[in-house]
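**Student:** What follows is a structure written as structure tokens; I'll ask about it next.
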Amino acid sequence: MNKLNIHATINSILLLTLVVFGFYFYLDRNKQEIVYIDNIKLFNGFNMTKDIKSIEEAKINKQGKELDSLYAIFQSVTNKEAVAFKNLQQQIAYKSKAIQELQDNYTHQLSNTIWDRLNSYIKEYAQTKKFKIIVGTSGNGNVMYGDETTDITTQILKFSNIKYEGNN
């Protein structure tokens with residue numbers, strides 16, 4: 001080979017290398033770094049939410065049935081049985097308050113427990129995928145619109161359920 005052909009080959013290789021590196025850096029800069037998730041869809045679709053709801057709702061339903069029984073007894077008591085009447089009123093008030101506290105605790109605990117778990121999964125997913133920001137939306141304030149290509153709710157939900165079920 002003569003010198004001219006060698007220089008042309010070297011120049012072609014250098015030019016090709018520059019094009020490849022340029023293309024690589026272009027793709028690297030244009031990858032998604034900001035995405036969003038639908039908080040409500042994620043929360044409701046998470047298997048842990050379903051598990052806790054079924055357990056806690058069974059407890060609430062059991063207490064509700066006990067309260068219904070007290071109401072039935074209360075309605076059958078006449079005014080002549082004043083002591084029994086007053087006792088039933090107190091039991092009903094106590095049971096109603098207990099059910100309300102159970103429901104409030106359930107709602108608060110459910111939300112906190114599930115979001116603590118989901119947030120750890122979201123952080124792990126974001127670090128794995130090298131996202132800089134994941135914004136949560138519920139359609140009423142935080143993000144009013146996001147291009148569907150930046151919605152990763154389904155991917156996060158799938159990842160979180162796999163982690164929750166222990167199927168790394």
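**Student:** Ranking I10, I114, I40, I52 by Cβ neighbours within 10 Å, fewest first, what do you get?
**Tutor:** Ordered by Cβ neighbours within 10 Å, fewest first: I10, I40, I52, I114.
**Student:** Can you give the net charge of the other residues whose Cβ lies under 13 Å from the Cβ of I156, counting K and R as +1 and D and E as -1?
**Tutor:** Details: positive: K41, R117, K123, K129, K158, K163; negative: D38, E124, D151.
After counting each charged neighbour, the total is +3.
**Student:** List the residues of region 105-126 whose backbone N lies under 19 Å from a point placed 7 Å from the Cα of V135 along the Cα-to-Cβ direction.
**Tutor:** Zone members listed by number: 122-123, 126.
**Student:** Which length gain, in nm to one decimal place, applies between A84 and K65 when the Cα-Cα distance is subtracted from 0.36 nm times their residue separation?
**Tutor:** On the way: separation 19, 0.36 × 19 = 6.84 nm, distance 2.03 nm.
Stretched out fully, the A84 to K65 stretch lengthens by 4.8 nm.
**Student:** Something else: Calculate the spin-label point distance for I40 paired with D147, positioning each point 7 Å from the Cα along the beta-carbon direction, and give it in nanometres.
**Tutor:** Result for the modelled spin labels: 2.5 nm.
The numbers here are math on the coordinates, done by the rules we state, and not lab data. Predicted, not measured: the structure shown is a model, and the values here were computed from it. Ideal geometry is used to build each Cβ from the backbone, glycine not excepted, and the neighbour counts take in all protein chains shown.
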